[in-house]
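The values are calculated or read from the model by the stated rules, or taken from the named source; none is laboratory data. Note that the structure is predicted; figures quoted are calculated from it, not measured. All Cβ positions, glycine included, derive from the backbone under ideal geometry; neighbour counts span all protein chains shown. Keep in mind that these areas ignore ligands, DNA and RNA; they rest on the heavy atoms of the full protein, side chains included. Shrake-Rupley method; radii C 1.70, N 1.55, O 1.52, S 1.80 Å.
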Amino acid sequence: MAATEAAGKLAYRIYRAVSYGAEPAVNLHLRWRRLRGREHSLRWTERLGLPSLSRPTGPLLWFHAVSLGEGITAIPIIKECIKQRPDVNVLMTTTTVSAFEVISKRLPSGVIYQFAPLDTPSAVGAFLDYWRPNAIILIESELWPNLIMGASENGIVLALLNARMSSKSFKKFSGPLLLPLISLMLSKFSLIVPLSTMQAIHFQLLQASPYIIKFSGDLKYAVEEFDASEGELRSIQDLKLQLAHRQVWMASSIHRGEEEIMLGVHRVLTEMHPDIVTIIVPRNPQHGLEIAQELQKAGQNVALRSRQENLKPGTNIYVVDTLGELRYLYRLTPIAVVGGSFFSGLAGHNIFEAAAAGCAVLTGRHVGHFSHMVLEMQRLNPLSVLQVSGKLELEKALKELFSDAKVLEARRMAAKQAFCALSTGIVANVWSLLNVHVLNQALC
């Protein structure tokens, strides 16, 4: 173990030296991203560790998630933290502009929101020196050497919630070059809450102490209601009225290329149900605009959500090119096909929001770390999630759902029941672990 620790410290010194030397190039790249609209035009300097808000007095917990999905996952536990410990300040960070645009509107009042620092010595050092967090709670797979080692050197308690890594990352970290470094980083944590038993095995094989690995359930099961603005509620209600007398299904979180599958199925379904509406929600809003433009060039009538276009007679495709509305939109459809799962190389998306809304849930075979979610739901009720291999299987499944009301209702009820069973107690379990293993240590 001593040899592994020494090798890990050497690997970290090399990483730190390289990242320090790369700072000028990294800073230039950050400015280039700002010009391209990939960083916030006004708050991009936060990525260099420079604050835009004042640090309040008193203890502070820092929650960090990389992007939108992980950030939404953190909100229920942040709310519980504020409820249980109103004396503690909460700082939330993400890295992407898309996450900022949505999460900044969803966080409880009083939570400080910043962009996370780049993992360079200067940015991390400036951030930690200014905010002086008592503990850092990382979500899923945010394992950055300068951040973790800098926190440890400053006596900051570390926790990793919904801990996971892809098979590719696990294989990379298991190699002789990176294993000492990842082992050293994991030794700095006081709590690791893995996403699944398999993920727990991965972390133990990377030499995380078994004593810090605790189970609570997947935080993505904790689907909470958000306070929508009056305008958002009115817009969703208007769309609901437009869909009231039409058959509808949704293809959500689709990636490039998957729209061809969904539109091919749409064409078949319109032969059987001429008035059917297909709602397409791409993962990237820009992709949605491109889909709408291509369809319009081909003479199709398309309604685009960002333009608040209505579903007129003869319009059968509704493209959602906005962010942060998916859980509201699921309530408008009895059937949800969750994308990011129909091609190899993709890794699926959260199917639980669709289940929470009472949709019949379908997804592809390439679901990555969401496989545990699919298996747990299917174990509770085999009808709760249907996996299909491609266009023909999806087409067959949707034909059955639209032609047999009893089958559709059975799948909707199964998904809802699985959601209710799996979501119970998740936030309370996570809070209990944080309180015992993190807060009691960080705030003593």
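Taking the numbered list (1) without any contact (Cβ under 8 Å) to a residue 24 or more places away in the chain; (2) open to solvent by 40 Å² or more (accessible area, probe 1.4 Å) in turn, Asn154 passes all entries but (1).
Residue-wise test of (1) under 20 Å from Trp144 (Cβ atoms); (2) within 17 Å of the chain's Cα centre (by Cα).
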residue	(1), (2)
Phe173	yes, no
Leu205	no, no
Lys220	no, yes
Glu230	no, no
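Only a single item in (1) touching a Phe, Trp or Tyr at 6+ places or on another chain (Cβ under 8 Å); (2) among the aliphatic types (A, V, I, L, M); (3) more than 22 Å from Ile148 (Cβ to Cβ); (4) modelled with pLDDT of 95 or more is not met by Leu28, and it is number (1).
The residue pairs whose first member lies in the range 218-237 and is modelled with pLDDT of 80 or more, whose second member is part of a loop (DSSP other than H, G, I, E, B) and of a type in the set (A, V, I, L, M, F, W, C), and whose beta carbons are closer than 8 Å, counting only pairs six or more residues apart or on different chains, are Asp218/Leu195; Ile236/Ala228. Give the residues of the range 61-105 that are surrounded by 17 or more Cβ atoms within 10 Å (Cβ to Cβ) and of a type in the set (Lys, Arg), sorted by residue number. Once the filter is applied, which keeps residues that are surrounded by 17 or more Cβ atoms within 10 Å (Cβ to Cβ) and of a type in the set (Lys, Arg), the range 61-105 yields Lys79, Arg85. If I filter the range 62-76 for residues that are farther than 19 Å from Gly324 by Cβ, part of a loop (DSSP other than H, G, I, E, B), at pLDDT 95 or above and not hydrophobic (A, V, I, L, M, F, W, C), do I get at least one hit? No: the range 62-76 contains no residue that is farther than 19 Å from Gly324 by Cβ, part of a loop (DSSP other than H, G, I, E, B), at pLDDT 95 or above and not hydrophobic (A, V, I, L, M, F, W, C).
Looking at Val97 and the list (1) without any contact (Cβ under 8 Å) to a residue 60 or more places away in the chain; (2) closer than 19 Å to Arg33 by Cβ, which single condition is not satisfied? Just one mismatch for Val97, condition (1). Taking the range 421-441 on its own, how many of its residues are over 27 Å from the mean Cα position of the chain (by Cα) and either open to solvent by less than 30 Å² (accessible area, probe 1.4 Å) or free of Cβ contacts under 8 Å to residues at least 24 places away in the same chain (or both)? Residues flagged as over 27 Å from the mean Cα position of the chain (by Cα) and either open to solvent by less than 30 Å² (accessible area, probe 1.4 Å) or free of Cβ contacts under 8 Å to residues at least 24 places away in the same chain (or both) within the range 421-441 amount to 1. Residues of the range 256-282 that are crowded, with 19+ Cβ neighbours inside 10 Å and either β-branched (Val, Ile, Thr) or assigned to a loop (DSSP other than H, G, I, E, B) (or both): Ile261, Val265, Val277, Thr278, Ile279, Ile280, Val281. Being free of Cβ contacts under 8 Å to residues at least 60 places away in the same chain and within 26 Å of the chain's Cα centre (by Cα) is a property that Thr333 lacks. The set of residues in the range 405-420 that are charged (D, E, K, R) and free of Cβ contacts under 8 Å to residues at least 60 places away in the same chain comprises Lys406, Glu409, Arg411. For the range 316-330, taking the residues that are among the hydrophobic types (A, V, I, L, M, F, W, C) and in a helix (DSSP H, G or I), the one that is farthest from the chain's Cα centre (by Cα) is identified as Leu329. Across the range 179-204, which residue is most open to solvent (accessible area, probe 1.4 Å) among those that are in contact with a helix residue (DSSP H, G or I) (Cβ under 6 Å, 6 or more places away or on another chain) and closer than 19 Å to Ile14 by Cα? Going through the qualifying residues, I end up with Lys188. Considering the range 109-138 alone, what residues qualify as being in contact with a strand residue (DSSP E or B) (Cβ under 9 Å, 6 or more places away or on another chain) and open to solvent by 30 Å² or more (accessible area, probe 1.4 Å)? Listed by number, the residues that qualify are Gly110, Arg132, Asn134. When each of Ser141, Ser166 is tested for being out of contact with any Leu (no Cβ under 8 Å at 6 or more places or on another chain), open to solvent by 10 Å² or more (accessible area, probe 1.4 Å) and under 17 Å from Phe63 (Cβ atoms), the lone residue that passes is Ser141. Just so you know, in the range 337-395 the residues that are under 14 Å from Arg411 (Cα atoms), polar (S, T, N, Q) and in a loop (DSSP other than H, G, I, E, B) include one that is most open to solvent (accessible area, probe 1.4 Å), and it is Asn381. Every residue in the range 1-50 that is among the aliphatic types (A, V, I, L, M), crowded, with 18+ Cβ neighbours inside 10 Å and within 17 Å of Ile182 (Cβ to Cβ), please. Hit for the range 1-50 is Ala11, nothing else. For the range 125-177, which residues satisfy the criterion of being charged (D, E, K, R), in a helix (DSSP H, G or I) and within 23 Å of Thr4 (Cα to Cα)? Hits for the range 125-177 are Glu153, Lys168, Lys171, Lys172.
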